[in-house]
Amino acid sequence: MLLLECPCCGVTAEETEFHGGGEAHLKRFGPGSADEEFESYLFHRENPRGVHFERWRHVNGCGKWFHAARCTQTLEVFGTYPAQTTRPPEDLLAKIRDKRPGWSWRDFA
Amino acid sequence: MSDHRTPLGGASRDGRVRVEEMPRRGMITLRGDLSDATFAGTVTALSGTGMPGQRKVELADGGLLAWMSPDELLLVMPPEDVAGALDRIASDLSGQHHLAAEVTDARAVLRLSGEDAAVRETLGKLMPVDFAPGAFGPGDIRRTRLAQVPAAVWCVAPGDFGVICFRSVAEYVYAALTNAAAEGGAVGHY
Ligand SMILES: [Zn+2]
(Lines give C-alpha, C1' and ligand atoms only; values in the text may rest on other atoms or scores of the structure.)
Protein backbone atom coordinates (compact mmCIF):
# COMPACT_ATOMS: atom_id res chain seq x y z
CA MET A 1 0.00 0.00 0.00
CA LEU A 2 1.41 3.37 -1.03
CA LEU A 3 0.76 6.53 0.92
CA LEU A 4 0.97 9.50 -1.44
CA GLU A 5 0.73 13.21 -0.71
CA CYS A 6 -1.07 15.11 -3.45
CA PRO A 7 0.92 18.32 -4.03
CA CYS A 8 -2.18 19.99 -5.48
CA CYS A 9 -4.56 19.72 -2.53
CA GLY A 10 -2.20 18.68 0.27
CA VAL A 11 -4.02 15.46 1.12
CA THR A 12 -2.00 12.43 2.17
CA ALA A 13 -3.99 9.35 1.27
CA GLU A 14 -3.58 5.71 0.43
CA GLU A 15 -3.32 4.62 -3.16
CA THR A 16 -6.97 3.67 -3.73
CA GLU A 17 -7.81 7.36 -3.72
CA PHE A 18 -5.42 7.81 -6.67
CA HIS A 19 -4.90 6.26 -10.07
CA GLY A 20 -1.53 5.46 -11.57
CA GLY A 21 -0.76 7.17 -14.87
CA GLY A 22 2.37 5.33 -15.97
CA GLU A 23 5.93 6.45 -16.37
CA ALA A 24 6.82 10.10 -15.77
CA HIS A 25 8.73 12.57 -17.94
CA LEU A 26 8.09 10.96 -21.31
CA LYS A 27 8.87 13.20 -24.26
CA ARG A 28 6.28 12.90 -26.98
CA PHE A 29 7.41 12.07 -30.50
CA GLY A 30 4.63 12.68 -32.99
CA PRO A 31 4.31 13.25 -36.74
CA GLY A 32 7.63 13.82 -38.48
CA SER A 33 9.70 11.94 -35.92
CA ALA A 34 11.91 8.99 -36.75
CA ASP A 35 10.39 5.53 -36.51
CA GLU A 36 12.76 4.60 -33.69
CA GLU A 37 11.74 7.67 -31.68
CA PHE A 38 8.05 7.03 -32.20
CA GLU A 39 8.43 3.37 -31.27
CA SER A 40 10.35 4.33 -28.16
CA TYR A 41 7.75 6.92 -27.16
CA LEU A 42 4.91 4.44 -27.57
CA PHE A 43 6.39 1.25 -26.19
CA HIS A 44 9.69 1.53 -24.38
CA ARG A 45 9.26 1.92 -20.64
CA GLU A 46 11.49 1.66 -17.65
CA ASN A 47 10.80 -1.29 -15.38
CA PRO A 48 13.29 -0.78 -12.57
CA ARG A 49 13.73 -2.63 -9.34
CA GLY A 50 14.29 0.41 -7.19
CA VAL A 51 13.91 4.12 -7.86
CA HIS A 52 11.08 4.93 -10.25
CA PHE A 53 9.25 8.06 -11.38
CA GLU A 54 5.55 7.94 -12.17
CA ARG A 55 2.54 10.07 -12.96
CA TRP A 56 -0.44 9.79 -10.64
CA ARG A 57 -3.88 11.35 -10.66
CA HIS A 58 -5.84 12.24 -7.52
CA VAL A 59 -8.87 10.75 -9.20
CA ASN A 60 -11.16 10.43 -6.18
CA GLY A 61 -9.97 13.73 -4.73
CA CYS A 62 -9.08 17.03 -6.35
CA GLY A 63 -8.80 15.41 -9.78
CA LYS A 64 -5.32 16.78 -10.52
CA TRP A 65 -2.27 15.06 -11.98
CA PHE A 66 1.08 15.05 -10.22
CA HIS A 67 4.41 13.20 -10.16
CA ALA A 68 5.74 10.72 -7.62
CA ALA A 69 9.20 9.26 -7.00
CA ARG A 70 9.18 5.92 -5.23
CA CYS A 71 11.01 2.64 -4.80
CA THR A 72 9.37 -0.31 -6.54
CA GLN A 73 11.15 -2.73 -4.25
CA THR A 74 10.21 -1.30 -0.85
CA LEU A 75 7.26 0.92 -1.83
CA GLU A 76 9.01 3.82 -0.07
CA VAL A 77 7.75 7.10 -1.48
CA PHE A 78 10.62 9.59 -1.78
CA GLY A 79 8.33 12.47 -2.64
CA THR A 80 5.67 13.93 -4.88
CA TYR A 81 5.91 17.06 -7.01
CA PRO A 82 3.81 19.07 -9.47
CA ALA A 83 2.94 17.81 -12.94
CA GLN A 84 4.12 21.01 -14.62
CA THR A 85 7.79 20.08 -14.92
CA THR A 86 10.04 17.96 -17.14
CA ARG A 87 12.38 16.83 -14.37
CA PRO A 88 12.21 16.10 -10.65
CA PRO A 89 13.13 18.96 -8.29
CA GLU A 90 16.78 19.05 -7.25
CA ASP A 91 16.09 18.60 -3.53
CA LEU A 92 14.17 15.41 -4.27
CA LEU A 93 17.03 14.07 -6.42
CA ALA A 94 19.45 14.86 -3.58
CA LYS A 95 17.22 13.00 -1.14
CA ILE A 96 17.17 9.94 -3.39
CA ARG A 97 20.99 10.07 -3.82
CA ASP A 98 21.23 10.07 -0.06
CA LYS A 99 18.96 7.06 0.35
CA ARG A 100 19.97 5.03 -2.72
CA PRO A 101 23.63 5.79 -3.49
CA GLY A 102 24.54 5.10 -7.10
CA TRP A 103 20.99 4.95 -8.42
CA SER A 104 20.09 6.02 -11.93
CA TRP A 105 16.90 6.23 -13.95
CA ARG A 106 17.00 7.32 -17.59
CA ASP A 107 18.92 10.62 -17.57
CA PHE A 108 18.65 11.17 -13.84
CA ALA A 109 21.17 10.01 -11.26
CA MET B 1 -43.23 23.20 -14.59
CA SER B 2 -42.25 19.60 -14.04
CA ASP B 3 -41.78 18.23 -10.54
CA HIS B 4 -38.23 17.77 -9.36
CA ARG B 5 -37.47 14.52 -7.62
CA THR B 6 -34.36 14.12 -5.54
CA PRO B 7 -32.32 10.98 -6.33
CA LEU B 8 -33.49 9.11 -3.23
CA GLY B 9 -36.93 10.63 -2.78
CA GLY B 10 -35.99 11.92 0.64
CA ALA B 11 -35.12 8.47 2.01
CA SER B 12 -33.92 8.11 5.59
CA ARG B 13 -33.02 5.33 7.96
CA ASP B 14 -32.18 5.27 11.64
CA GLY B 15 -29.48 2.89 12.76
CA ARG B 16 -26.54 3.66 14.99
CA VAL B 17 -26.70 7.00 13.24
CA ARG B 18 -29.38 8.61 11.12
CA VAL B 19 -28.75 8.60 7.37
CA GLU B 20 -31.05 10.85 5.36
CA GLU B 21 -31.21 12.49 2.01
CA MET B 22 -31.32 16.27 2.26
CA PRO B 23 -34.10 18.26 0.61
CA ARG B 24 -33.29 19.40 -2.92
CA ARG B 25 -30.48 21.97 -2.94
CA GLY B 26 -29.37 24.27 -5.73
CA MET B 27 -25.77 23.58 -6.67
CA ILE B 28 -23.29 25.34 -8.95
CA THR B 29 -19.84 24.05 -9.80
CA LEU B 30 -17.43 26.93 -10.33
CA ARG B 31 -13.99 26.93 -11.85
CA GLY B 32 -11.63 29.83 -12.06
CA ASP B 33 -8.73 31.56 -10.36
CA LEU B 34 -9.68 31.35 -6.67
CA SER B 35 -7.13 34.05 -5.80
CA ASP B 36 -8.70 36.56 -8.19
CA ALA B 37 -10.48 39.37 -6.32
CA THR B 38 -13.36 39.70 -8.78
CA PHE B 39 -13.97 35.95 -8.83
CA ALA B 40 -13.82 35.72 -5.04
CA GLY B 41 -15.97 38.82 -4.60
CA THR B 42 -18.74 37.49 -6.80
CA VAL B 43 -18.73 34.05 -5.24
CA THR B 44 -18.72 35.23 -1.64
CA ALA B 45 -21.45 37.77 -2.35
CA LEU B 46 -23.61 34.90 -3.60
CA SER B 47 -22.76 32.55 -0.74
CA GLY B 48 -22.87 35.17 2.00
CA THR B 49 -19.69 33.69 3.47
CA GLY B 50 -15.96 34.18 3.29
CA MET B 51 -13.77 32.35 0.78
CA PRO B 52 -13.04 28.81 1.96
CA GLY B 53 -9.40 27.89 2.47
CA GLN B 54 -7.83 24.71 1.14
CA ARG B 55 -10.09 21.71 1.97
CA LYS B 56 -12.46 23.94 3.94
CA VAL B 57 -16.16 24.61 3.70
CA GLU B 58 -17.92 27.84 4.65
CA LEU B 59 -21.41 27.23 5.97
CA ALA B 60 -24.29 29.64 5.44
CA ASP B 61 -28.03 29.70 6.04
CA GLY B 62 -29.51 27.26 3.51
CA GLY B 63 -26.25 26.71 1.72
CA LEU B 64 -22.49 26.47 1.72
CA LEU B 65 -19.37 27.29 -0.23
CA ALA B 66 -16.86 24.44 -0.50
CA TRP B 67 -13.26 24.24 -1.70
CA MET B 68 -13.18 21.32 -4.13
CA SER B 69 -9.75 21.63 -5.77
CA PRO B 70 -7.16 24.38 -6.38
CA ASP B 71 -9.38 25.84 -9.11
CA GLU B 72 -12.85 24.62 -8.18
CA LEU B 73 -15.59 25.57 -5.73
CA LEU B 74 -19.05 24.20 -5.05
CA LEU B 75 -21.75 26.74 -4.29
CA VAL B 76 -24.88 25.37 -2.61
CA MET B 77 -28.00 27.51 -2.24
CA PRO B 78 -31.79 27.29 -2.34
CA PRO B 79 -32.83 25.92 -5.76
CA GLU B 80 -34.82 29.02 -6.63
CA ASP B 81 -31.69 31.19 -6.34
CA VAL B 82 -29.62 29.30 -8.91
CA ALA B 83 -30.81 31.06 -12.07
CA GLY B 84 -30.14 34.47 -10.61
CA ALA B 85 -26.74 33.39 -9.34
CA LEU B 86 -25.72 32.10 -12.77
CA ASP B 87 -26.80 35.41 -14.32
CA ARG B 88 -24.77 37.34 -11.77
CA ILE B 89 -21.68 35.16 -12.34
CA ALA B 90 -21.98 35.52 -16.11
CA SER B 91 -22.21 39.32 -15.94
CA ASP B 92 -19.63 39.89 -13.18
CA LEU B 93 -17.07 37.57 -14.76
CA SER B 94 -17.71 38.24 -18.44
CA GLY B 95 -14.44 38.25 -20.35
CA GLN B 96 -12.69 36.50 -17.48
CA HIS B 97 -11.63 32.86 -17.54
CA HIS B 98 -14.19 30.89 -15.54
CA LEU B 99 -16.75 28.13 -15.74
CA ALA B 100 -20.08 27.93 -13.94
CA ALA B 101 -22.35 24.92 -14.36
CA GLU B 102 -25.53 24.07 -12.51
CA VAL B 103 -25.30 20.57 -11.04
CA THR B 104 -28.42 20.68 -8.84
CA ASP B 105 -29.96 17.52 -10.25
CA ALA B 106 -26.64 15.83 -11.02
CA ARG B 107 -25.72 15.30 -7.36
CA ALA B 108 -27.18 13.69 -4.27
CA VAL B 109 -26.73 15.24 -0.83
CA LEU B 110 -26.98 13.16 2.33
CA ARG B 111 -26.69 13.88 6.01
CA LEU B 112 -25.36 11.66 8.77
CA SER B 113 -26.26 12.62 12.30
CA GLY B 114 -26.13 11.14 15.75
CA GLU B 115 -23.47 10.39 18.29
CA ASP B 116 -20.24 11.93 16.98
CA ALA B 117 -18.09 8.83 17.42
CA ALA B 118 -20.68 6.62 15.71
CA VAL B 119 -20.98 8.99 12.76
CA ARG B 120 -17.19 9.11 12.37
CA GLU B 121 -17.01 5.35 12.55
CA THR B 122 -19.73 4.91 9.93
CA LEU B 123 -17.84 7.17 7.53
CA GLY B 124 -14.50 5.62 8.43
CA LYS B 125 -15.73 2.18 7.43
CA LEU B 126 -16.20 3.36 3.87
CA MET B 127 -13.66 6.12 3.30
CA PRO B 128 -9.83 5.99 3.49
CA VAL B 129 -9.79 9.12 5.65
CA ASP B 130 -8.65 9.80 9.22
CA PHE B 131 -11.88 10.88 10.92
CA ALA B 132 -10.36 11.40 14.36
CA PRO B 133 -11.81 14.61 15.85
CA GLY B 134 -8.39 16.26 15.83
CA ALA B 135 -7.84 15.41 12.17
CA PHE B 136 -11.27 16.22 10.73
CA GLY B 137 -13.52 18.76 12.38
CA PRO B 138 -16.22 21.34 11.71
CA GLY B 139 -15.49 23.27 8.52
CA ASP B 140 -13.32 20.54 6.98
CA ILE B 141 -14.24 18.97 3.64
CA ARG B 142 -12.57 16.07 1.92
CA ARG B 143 -13.10 14.64 -1.54
CA THR B 144 -12.35 10.95 -1.46
CA ARG B 145 -13.61 7.48 -2.21
CA LEU B 146 -16.77 6.13 -0.55
CA ALA B 147 -16.54 2.35 -0.97
CA GLN B 148 -16.09 2.20 -4.76
CA VAL B 149 -17.28 5.64 -5.90
CA PRO B 150 -16.07 9.23 -5.53
CA ALA B 151 -17.74 11.38 -2.89
CA ALA B 152 -17.12 14.43 -0.74
CA VAL B 153 -17.68 14.58 3.00
CA TRP B 154 -17.73 17.58 5.29
CA CYS B 155 -18.24 18.20 8.98
CA VAL B 156 -20.89 20.72 10.01
CA ALA B 157 -20.56 20.12 13.75
CA PRO B 158 -19.77 17.16 15.98
CA GLY B 159 -22.24 14.40 15.09
CA ASP B 160 -23.39 16.23 11.96
CA PHE B 161 -21.75 15.41 8.62
CA GLY B 162 -22.71 15.96 4.99
CA VAL B 163 -21.95 13.68 2.05
CA ILE B 164 -22.30 14.54 -1.62
CA CYS B 165 -22.01 12.15 -4.55
CA PHE B 166 -23.04 11.79 -8.16
CA ARG B 167 -26.77 11.22 -8.66
CA SER B 168 -26.06 8.06 -10.64
CA VAL B 169 -24.53 6.37 -7.57
CA ALA B 170 -26.91 7.79 -4.95
CA GLU B 171 -28.62 4.48 -4.23
CA TYR B 172 -25.27 2.72 -3.93
CA VAL B 173 -24.00 5.36 -1.50
CA TYR B 174 -27.21 5.26 0.54
CA ALA B 175 -27.05 1.47 0.75
CA ALA B 176 -23.40 1.54 1.75
CA LEU B 177 -23.94 4.21 4.41
CA THR B 178 -27.05 2.62 5.94
CA ASN B 179 -25.31 -0.75 6.02
CA ALA B 180 -22.27 0.75 7.71
CA ALA B 181 -24.58 2.51 10.17
CA ALA B 182 -26.63 -0.59 11.00
CA GLU B 183 -27.23 -1.52 14.63
CA GLY B 184 -24.72 -4.03 15.90
CA GLY B 185 -21.92 -2.69 13.72
CA ALA B 186 -20.02 -0.82 16.40
CA VAL B 187 -16.25 -1.13 16.22
CA GLY B 188 -15.41 1.39 18.91
CA HIS B 189 -12.51 2.95 17.04
CA TYR B 190 -13.29 6.60 17.70
ZN1 LIG C 1 -5.30 16.28 -4.69
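See the values below:
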| item | result |
| --- | --- |
| Helix B:37-47 axis, angle to chain B major axis (alpha carbon atoms, nearest 10°) | 50 degrees |
| Unit charges on C-beta of K, R, D, E only; dipole of the protein assembly as shown, Debye | 560 debye |
| The stretch B:72-131 - accessible surface per residue (Å², probe 1.4 Å) | 41 Å² |
| Förster radius 51 Å - calculated FRET efficiency between B:Ala147 and B:Leu86, Cβ distance, rounded to 0.05 | 0.95 |
| Other-chain or far-sequence residues with amide H under 5 Å of A:Gly21's (modelled H) | A:Arg55, A:Trp56, A:Arg57 |
| Computed over the stretch B:90-190: relative contact order in percent, which uses C-alpha pairs under 8 Å that are six or more apart | 32 percent |
| Trypsin sites (Lys or Arg not before Pro) within the stretch A:13-82, DSSP loop, no more than 15 other Cβ atoms inside 10 Å | A:Lys27, A:Arg28, A:Arg45, A:Arg49 |
| Between A and B, accessible area buried - total, square angstrom, nearest 100, 1.4 angstrom probe | 1000 Å² |
| Alpha-carbon spread of the stretch B:26-105, three principal axes, descending order, Å | 27, 26, 20 |
| Charge dipole (debye, nearest 20) of the stretch B:1-80; +1 at Cβ of Lys and Arg, -1 at Cβ of Asp and Glu | 360 debye |
| Shielded residues, the stretch A:1-50 - accessible-area loss of 30 Å² or more between chain alone and all protein chains, probe 1.4 Å | A:Cys8, A:Cys9, A:Val11, A:Glu14, A:Thr16, A:Glu17 |
| The stretch A:72-82 - phi-based ³J(HN,Hα) in whole Hz, Karplus 6.51/-1.76/1.60, Gly and Pro as x | 6, 8, 10, 6, 5, 9, 6, x, 10, 8, x |
| Per residue, the convex hull volume that the Cα atoms of the protein assembly as shown enclose (Å³) | 181 Å³ |
| Per residue accessible area of the stretch A:3-99, 1.4 Å probe, in Å² | 55 Å² |
| Neighbour cut-off at most 16 other Cβ (10 Å), DSSP loop, GluC sites (Glu not before Pro), the stretch B:68-162 | B:Glu115 |
| Angle in degrees between helix B:116-126 and the longest Cα principal axis of chain B, rounded to the nearest 10 | 80 degrees |
| Per-residue [θ]222 nm for chain A (sum of -39500 (n - 2.57) over DSSP H runs n ≥ 4, rounded to 500) | -5000 deg cm²/dmol |
| Kirkwood Rh (inverse of mean 1/r, distinct Cα pairs), chain B, angstrom | 17.1 Å |
| Assigned charges on the beta-carbon of Lys, Arg, Asp, Glu; the stretch A:3-99 dipole about Cα centre (debye) | 160 debye |
| Percent carbon-and-sulfur accessible area, chain B, ignoring ligands, DNA and RNA, probe 1.4 Å | 49 percent |
| Degrees, to the nearest 10: A:90-99 long Cα axis against longest axis of chain A | 80 degrees |
| Average Cα contact separation per residue, chain B, under 8 Å, 6 or more apart, as relative contact order % | 25 percent |
| Cut-off 19 Å (backbone N to label point 7 Å along Cα→Cβ of B:Ala40), residues of the stretch A:1-37 | A:9-10 |
| Spatially proximal aspartates and glutamates relative to A:Lys27 (Cα-Cα < 16 Å; intrachain offsets below 8 disregarded) | A:Asp35, A:Glu36, A:Glu37, A:Glu39, A:Glu46, A:Glu54, A:Asp107 |
| Full-stretch length increase - B:Ala175, B:His97 - with 0.36 nm per residue and alpha-carbon distance subtracted | 24.1 nm |
| Three semi-axes of the equivalent ellipsoid, chain A, Cα gyration tensor, whole Å, largest first | 24, 19, 12 |
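The values are calculated or read from the model by the stated rules, or taken from the named source; none is laboratory data. Just so it is clear, the structure is predicted and the values come from calculations on it, not from any experiment. Because the Cβ atoms are built from the backbone with ideal geometry, glycine has one as well, and the counts that use them run over all protein chains shown. Just so you know, the surface numbers come from the protein's heavy atoms only, side chains and all, with ligands and any DNA or RNA stripped out. Shrake-Rupley method; radii C 1.70, N 1.55, O 1.52, S 1.80 Å.
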